[in-house]
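Just below is one structure, and these are the notes that go with it.
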Amino acid sequence: ARIFRTVRKLYAKELLKKQIRIEDNLEKLPRVLGSEWLLSEALKHLTQNAIKAMKRRGTITLTGQVNSRTVYLAFADNGSGMTPAIRDILFQRRIPSRDQNEFGVGLLLSKMYLNAVNGDLNLKQTSHRGTTFVLNLPVAE
């Protein structure tokens with residue numbers, strides 16, 4: 001929860017400008033194992049992508065649950081979703097970007113960062129109504 005609060009503050013201006021709301025239940029979740037920097041970077045990439053995918057008045061929802069010493073965190077937005085072409089290469093290589101200042105490797109890096117702390121990142125669903133990723137992270141002892 002603390003790590004995501006920091007990420008949320010980092011994007012506060014953009015969230016306010018686009019009137020994007022964030023809803024979460026992270027306070028109820030146990031601490032997870034892993035590098036704060038790696039987890040923060042993964043959440044930054046997901047947040048950035050969600051903001052870009054939404055026009056105005058969107059919602060980013062983070063819901064978590066614990067099962068068998070693993071925290072499962074669903075990171076959902078109600079943005080424009082991904083094309084099948086993007087979905088097919090999502091975690092494999094650079095994704096083409098319209099913005100020349102971007103490299104299109106955020107989700108690939110996010111998956112690598114979470115793998116480095118014995119976690120994972122997977123696409124649960126994407127459609128014209130939004131996208132949901134699921135992060136799984138080991139619970140701290």
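Could you please give the count of residues in the range 46-86 that are in a helix (DSSP H, G or I) and among the β-branched types (Val, Ile, Thr)? Lay out the reasoning, then the answer.
First, pick out the residues of the range 46-86 that are in a helix (DSSP H, G or I): 46-53, 84-86.
When the remaining residues are screened for being among the β-branched types (Val, Ile, Thr), the result is 47, 51, 86.
The number of residues fulfilling the criteria is 3.
Quick check, is residue 64 at pLDDT below 90 and buried (at least 19 other Cβ atoms within 10 Å of the Cβ)? No. Of all the residues in the range 46-61, those that are open to solvent by 20 Å² or more (accessible area, probe 1.4 Å) and hydrophobic (A, V, I, L, M, F, W, C) number 1.
Output the residues belonging to the range 22-50 that are out of contact with any helix residue (DSSP H, G or I) (no Cβ under 8 Å at 6 or more places or on another chain) and either β-branched (Val, Ile, Thr) or more than 14 Å from residue 71 (Cβ to Cβ) (or both). Passing the criteria: 23, 37, 50. In the range 80-96, the condition of being open to solvent by 80 Å² or more (accessible area, probe 1.4 Å), more than 13 Å from residue 135 (Cα to Cα) and modelled with pLDDT of 90 or more is met by no residue.
For the range 117-126, the candidate set comprises residues that are in contact (Cβ under 8 Å) with a residue 40 or more places away in the chain and open to solvent by 70 Å² or more (accessible area, probe 1.4 Å); within that set, the residue that is farthest from residue 31 (Cα to Cα) is 124. In the set 43, 15, 39, only one residue is open to solvent by less than 20 Å² (accessible area, probe 1.4 Å), farther than 23 Å from residue 111 by Cα and not in a loop (DSSP other than H, G, I, E, B); that residue is 15. Here residue 8 clears all of (1) modelled with pLDDT under 90; (2) open to solvent by 70 Å² or more (accessible area, probe 1.4 Å); (3) not acidic (Asp, Glu) except the condition numbered (1).
The values are calculated or read from the model by the stated rules, or taken from the named source; none is laboratory data. Computed from a prediction, not measured in an experiment: that's the story for all the values here. In this analysis, Cβ positions are derived from the backbone assuming ideal geometry, glycine residues included, and neighbour counts consider all displayed protein chains. Remember, those area values only see protein heavy atoms, side chains included, never the ligands or the DNA or RNA. Shrake-Rupley method; radii C 1.70, N 1.55, O 1.52, S 1.80 Å.
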